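Chemist: Okay, handing you the structure first.
What follows is calculated from the coordinates using simple rules that are stated; it is not laboratory data. Keep in mind the model is a prediction, meaning the values are calculated, not measured. FYI the Cβ positions are ideal-geometry reconstructions off the backbone, even for glycines, and counts take in every protein chain you see.
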Amino acid sequence: MAEPATNETLKRTPLFALNTELGGKMVPFAGYEMPVQFPTGILKEHLHTRAAAGLFDVSHMGQAILHLEGKGGHDDIAAAVETLVPGDIKGLKPGQIRYTLLLNDQGGIRDDLMATRPEAADEAGTLFLVVNAGTKDADFAHIAGALKGRVRVERLEDRALIALQGPKAHEVLERVVPGVGTMLFMTMRKFTWERQVLYVSRSGYTGEDGYEISVPGAIATAFARVLLADANVLPIGLGARDSLRLEAGLCLYGHDIDEATTPVEADLVWAISKRRKLEKGFPGDARILDQLFNGAKRVRVGLKPEGKAPAREGAEIVNADGAVVGRVTSGGFGPSVNGPVAMGYVSPDYAKDGTTLGLKVRTQVLPARVVPMPFVPKRFYKP
Amino acid sequence: MEHHAMTTRYTKDHEWVRIDGNTATVGITPYAAEQLGDVVFVELPSVGKKVTKGGEAAVVESVKAASEVYAPLSGEVVEVNSALEGEPAKVNADPAGNGWFLKLKVTNEAELGELMSETQYNEYLKGL
């Protein structure tokens, strides 16, 4: 278990100094030096987030504003972006956020992302995007290239992104940024703090209520410190971020979804709007619709190992005869369920809830069942 | 905590072994436990299993990953710490004591000489 070597080519977020000051164990992730855990430890950081409020530095992710070249409103930018994603972007209300998928020509997923229609009328015709760290360069180049002449991509390289997640997140943030408490889930609003603009989204990657806040890099540390001064808040690393999202049944790009996976296979059909199933006009639409009507060859499911041993990414899934019927794409220990949890892909014959399967771990075959996700109930804000 | 510096030896992979006659108790060091983070599962060998020095003896899992625990000496497993099944966190709480993994009947005493003393292990840690 050697220490990770510091690598001068790794990038740093605006919160790097704070993360190290707080005792973060820094590791390379998507080209950045990120904290995998703090002295609290992954287990307690995970549990704390579900009990109170966890603060995450996710500034490595990509933020951008899409602008129309020339005049136009929301309908125009939505029409352009809809040529790249299967979601209903046109139908977004002002301030509304949509989870959607950037697709390739085979209907595979280039990335999963959040797209937001601005609230303010004078910002109509723009969209705010947040994409994954590992794919952000490819994503923005793809969008800029595909929509050249129609849409311009303004990357927000100087902004940090801080997530505050957990049942106490709303009361913590309300004390610092009054007005956030009444925001609806999956909406974004701009607030002023220390004379600068914060973009506050009521969204997250943990299954809990919470916020993702885009902050100018220059004041990000000061903002984080104010939040950390609240007794409810602890800094949380990427290790717990992963166990939290896994328990919530959420996909991790590059593991549960990738360029070779369609939304149908990934059980993300809900991300394809009804209208767009009929109208089509997104990359790979023929293949995706074929899978929708005729079934896909594999499908993502939740898996619960019967015992205490975790099964991790890459583990083969076998049926009662020992034949390989799938593969685990994410797996580990779920602190809130106090046991192992996993997700993976199986042939449709084995996808029904309750199906018993084996997970090959080292020299053993661990019994497991297909279970619905999330593994812990989602607790999004419902007024 | 009893001081076993005279009879405790260490490996480069951060296992400790405490010799008492020809029985050796094996665990992982506080350094290893700290590197691992919270232990959530331990896979112990069966009693009677024969292990060779440097071979896999057990597996210890943290939230994020599985790590192998190697046998510091060749021998036969005579006892395992089944308390770890229900309480894997014992490994973090007391890695040098209650968090022990297994006991071996040592079959080749000469192998002891290949292990580090506590002083040597502490020096080794400084260099990491």
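Chemist: At a temperature of 25 °C and a viscosity of 0.890 mPa s, determine how fast region B:8-126 diffuses translationally according to Stokes-Einstein, using the Kirkwood radius over alpha-carbon pairs as Rh; express D in µm²/s, rounded to the nearest whole number.
Modeler: For these conditions, the coefficient is 176 µm²/s.
Chemist: Now for a separate question. So what is the relative contact order for region A:170-249, in percent, with contacts set as C-alpha pairs under 8 Å and at least six apart?
Modeler: Relative contact order comes out at 24 percent.
Chemist: Which whole-number percentage describes the relative contact order of chain A, with Cα contacts under 8 Å and a sequence gap of 6 or more?
Modeler: Here the relative contact order equals 18 percent.
Chemist: With contacts defined as alpha carbon pairs under 8 Å and 6 or more residues apart, what's the relative contact order of chain B in percent?
Modeler: 30
Chemist: Here's another thing I want to ask about it. Using the beta-carbon distance between A:K297 and A:Y99 and R0 = 30 Å, what value does 1/(1 + (r/R0)^6) give for FRET efficiency, to the nearest 0.05?
Modeler: Efficiency computed from Cβ-Cβ geometry: 0.75.
Chemist: While we're on this one: Would you mind checking A:K136/B:K64; A:K136/A:K190; A:K44/A:K93 for any pair whose Cα atoms are more than 28 angstrom apart?
Modeler: Check vs 28 Å cut-off fails for A:K44/A:K93.
Chemist: How long is the gain from A:E123 to A:L278 if the chain were fully straight, where each residue apart is worth 0.36 nm and the alpha carbon distance is subtracted?
Modeler: 52.8 nm
Chemist: Now for a different question. Would you list which aspartates and glutamates come within 17 Å of B:K105, measuring only between C-alpha atoms, while excluding same-chain residues fewer than 8 positions from it?
Modeler: List returned: B:E15, B:D20, B:E56, B:E76, B:E79.
Chemist: Calculate the length of the line joining the C-alpha centroid of region A:77-123 to that of region A:298-350, in whole Å.
Modeler: Each part's Cα centre sits 31 Å from the other's.
Chemist: Against the 2.2 N^0.38 Å scaling, with N counting residues, where does chain A land? I'd like the Cα-based Rg ratio to two decimal places.
Modeler: Taking the Cα Rg and dividing by 2.2 N^0.38 Å, one obtains 0.99.
Chemist: Using alpha carbons only, how many angstrom separate the centre of region A:353-377 from the centre of region B:49-85?
Modeler: 25
Chemist: How large is the helix-only mean residue ellipticity at 222 nm for chain A, computed as the sum of -39500 (n - 2.57) over DSSP H runs with n ≥ 4, divided by its residue count, in deg cm²/dmol to the nearest 500?
Modeler: -6000 deg cm²/dmol
Chemist: Okay, next question. In nanometres, what is the gap between the two model label sites at A:Q364 and A:D137, each 7 Å from Cα along Cα-to-Cβ?
Modeler: That separation, rounded to one decimal, is 4.3 nm.
Chemist: Evaluate the distance, in nm, between pseudo-label points positioned 7 Å from the Cα of A:A320 and of A:A222 along their respective Cα→Cβ axes.
Modeler: Spacing of the two 7 Å Cα→Cβ label points: 6.6 nm.
Chemist: Still on this structure, I have one more. Name the lysines eligible as straight-distance cross-link partners of B:K103: C-alpha to C-alpha under 25 Å, and not fewer than 8 places from it in the same chain.
Modeler: In chain and number order, the partners are A:K308, B:K12, B:K49, B:K50, B:K53, B:K90.
Chemist: Compute the distance in nm between two label points, each set 7 Å from the Cα along the Cα-to-Cβ direction, one at B:K126 and one at B:A110.
Modeler: For the pair B:K126/B:A110, the computed spacing is 3.3 nm.
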